[in-house]
Amino acid sequence: MNWLLPRLIAVLIATALGGIAGLMIPGHSVPLFGALLGFACALGVIGVRDTLNGYRLIAWLRGSQEDPAPRDAGLWGELGYRIERSIRLHERSAALERDRLTQFLSAIEASPNGVMLLDARDQIEWCNSLAADHFGLDPQRDRRQPVTNLVRAPAFVSYLQAGRFDAEVLVPDPRGRRTLSVLVRGYGDGLRLVLSQDITEHERSDGMRRDFVANVSHEIRTPLTVLAGFLETMTNLPLTEVERRRVLTLMTQQADRMGTLVSDLLTLAQLEGSPRPHADRWVALGPLFAQVAVDAKLLSAGRHTLVFPAAVDAQIAGAPNELLSAITNLVNNAVRYTPEGGRIELGWKLLAAGAGEVSVADTGPGIAREHLPRLTERFYRVDGSRSRDTGGTGLGLSIVKHVAQRHGGELDIHSELGRGSVFRLVFPAARVRAVAPAVQVALAREERALP
Ligand code: ADP
């Protein structure tokens, strides 16, 4: 109230001065009239000042209020100060709320799930960019649009319209590119929260797992059925010694086949479950190639021309058993699929920039172009019966590809029908080093001597 007292004092002084002036007019003593005039003058001056100050305050209020309010003394000064303080407080708390909302929305934006908020009429209130991508929406343009008009996935629309949200729904992308898992939760007054997740990869690996189990079961069941048949024959029929030997040989073949399959499956499981081979354990290729050559000669039994490099002056960093398994698989495939009289060549080459390549070339039947991209899939065979007849499991190239990738390299296949095939294992420079043969032997001895 510190603005009221000065006014009262001013009015009183003006009234008193008016009264005194009225007294002092010679011949006409009109103190009352003088006091009234003084009072009226004081009110008039206060009124004019108030009008001016009020006008300035209103002009400030109508503006952006970025400058401070007019700092007048008295009533208008206090009014301006209090209004400004309440505006600033309000602005500060609004800014705080805005910051909190921005932080909250950024947290939802960072969510690994798509998040969309719908109002009571299923119009889009807000969605994060993942939800926009999942449902093909534009987060800005599509705001306030009914979601059912924009999302052309019948499974999602009927799920939303049915209103039973106890379980999630699988929504296939209309373009067949992916599958979404969508879950809706109600909140507030008829509002809805839509959570979406891309489960394409999950579905794919689930499908692969199912196929894998079906394939393994099939691969095991076939030799088992044959074995069971032979056992029945041996139990129920009187066989001659020659027949008995023949049946036993065939049974052994089937048992071997199952054994090879199980061992390939174990190799694959081991490759998938173990850490990548060390990048500082150097394996000399010379002794590795020599071992592969022994196996290949046994398998070929003189039916092919086998060519192996005389001396290989290189080492590869990695797991020796894996490298041996990969190269043996490639050479054995070449021997198994190349008809008698064919030529099989194992080679080693240093490539540009220090990379290295192990190659296995054969003059076999070759592989038609359409099969090439699928050759490294588990159980994929170009000719199933030929593969089985020669003891194949359909897992060999899958193992080779795994080994190559675990060593930072890749398997490269070139083949043409009737013109043979070349399989190349390419290793990166970091895992390849050239060593003179004499040094290699010394290094191999050193490695053996290590604890
Ligand atoms: P498999 O145990 O059947 O040989 P792989 O995974 O080793 O399985 O090979 C997959 C398929 O690729 C084989 O079934 C065969 O049809 C084809 N293939 C592999 N190597 C050769 C080759 N050197 N020449 C012709 N075809 C081959």
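Once C-alpha pairs closer than 8 Å and six or more residues apart are averaged by separation and normalised to the residue number of the chain, the relative contact order reads 9 percent. A 1.4 Å probe run over the chain, with the rest of the protein chains in place, finds 60 Å² accessible per residue. Of the GluC sites (Glu not before Pro) in segment 315-415, the ones in a loop by DSSP (not H, G, I, E or B) with at most 16 other beta carbons within 10 Å are E340, E377.
3J(HN,Hα) along segment 235-250: 6, 9, 10, x, 9, 6, 4, 5, 4, 4, 5, 5, 4, 5, 4, 5 Hz, from the Karplus curve 6.51 cos²θ - 1.76 cosθ + 1.60 with θ = phi - 60°, whole Hz, x for Gly and Pro.
Using a 1.4 angstrom probe on heavy atoms only, work out the carbon and sulfur share of the accessible area of the chain in %.
Details: 15970 of 26970 Å².
Heavy-atom surface of the chain belonging to carbon and sulfur, 1.4 Å probe: 59 percent.
Under 5 Å from the amide H of F379 lie the amide H atoms of L395, each residue being 5 or more positions distant or on a separate chain, with H modelled from the backbone and absent for Pro and chain starts.
Each label point was placed 7 Å from the Cα along the Cα-to-Cβ direction; for L239 and S274 their separation is 3.9 nm.
For segment 369-429, the calculated P(r), taken from all Cα-Cα distances in 10 Å bins from zero up to the bin holding the longest distance, is 21, 50, 26, 3 percent. Applied to segment 410-421, the Karplus parametrisation 6.51 cos²θ - 1.76 cosθ + 1.60 on θ = phi - 60° returns per-residue 3J(HN,Hα) values of 8, 9, 10, 10, 10, 7, 9, 4, x, 10, x, 9 Hz, with x for Gly and Pro.
Only DSSP H runs of four or more residues enter the estimate; each adds -39500 (n - 2.57), and after division by the residues of the chain the mean residue ellipticity at 222 nm equals -18500 deg cm²/dmol.
Distant-in-sequence amide contacts of R178, defined by a placed amide H-H separation under 5 Å and a gap of 5 or more residues or a different chain, comprise D173.
Expressed as a whole percent, how much of the Cα-Cα distance distribution for segment 99-234 exceeds 17 Å?
Counting every Cα pair in segment 99-234, those more than 17 Å apart make up 67 percent.
Spherically averaged projected area of the convex hull of Cα atoms, segment 204-273: 5.4 nm².
Quick one: work out Rg over Rh on the C-alpha atoms of segment 63-123, Rh as Kirkwood radius. Walk me through the numbers on the way to the answer.
Values: Rg = 19.8 Å, Rh = 15.1 Å.
Computed over Cα atoms, the ratio is 1.31.
Computed from the alpha carbon positions, the gyration tensor of segment 282-449 leads to an equivalent ellipsoid with semi-axes of 27, 18, 14 Å, biggest first.
FRET efficiency for the F104 to A429 pair, using the beta carbon distance and R₀ = 60 Å, is estimated at 0.75.
Measuring r between the beta carbons of L12 and H90 and using R0 = 51 Å, the FRET efficiency lands at 0.80. Neighbours of G163, meaning other residues whose beta-carbon lies under 13 angstrom from its beta-carbon, give a summed charge of +1 when Lys and Arg score +1 and Asp and Glu score -1. What is the log10 of I(q)/I(0) for the chain, computed with the Debye formula using one identical point scatterer on each Cα and no solvent, at q = 0.06, 0.08 Å⁻¹? One equal scatterer on each Cα of the chain leads to -0.57, -0.78. Taken as Cα centroids, segment 1-39 and segment 244-312 sit 123 Å apart, rounded to the nearest whole angstrom. Calculated FRET efficiency, V294 to R221, Cβ-Cβ distance, R0 = 35 Å: about 0.55 to the nearest 0.05. The 3J(HN,Hα) values that the Karplus relation (6.51, -1.76, 1.60; θ = phi - 60°) gives for segment 66-74 are, in residue order, 6, 6, x, 5, x, 9, 7, 7, x Hz. Gly and Pro appear as x.
Annotation: amide H of W126 within the under-5 Å range of L117, sequence separation 5 or more or interchain, hydrogens built in the peptide plane.
The values are calculated or read from the model by the stated rules, or taken from the named source; none is laboratory data. Keep in mind that this is a model prediction, so the values were computed, not measured. Every residue, glycine as well, gets a Cβ built from its backbone with ideal geometry; the counts of neighbours run over all protein chains shown. Areas reflect the complete protein model, heavy atoms only, side chains present, ligands, DNA and RNA absent. Shrake-Rupley method; radii C 1.70, N 1.55, O 1.52, S 1.80 Å.
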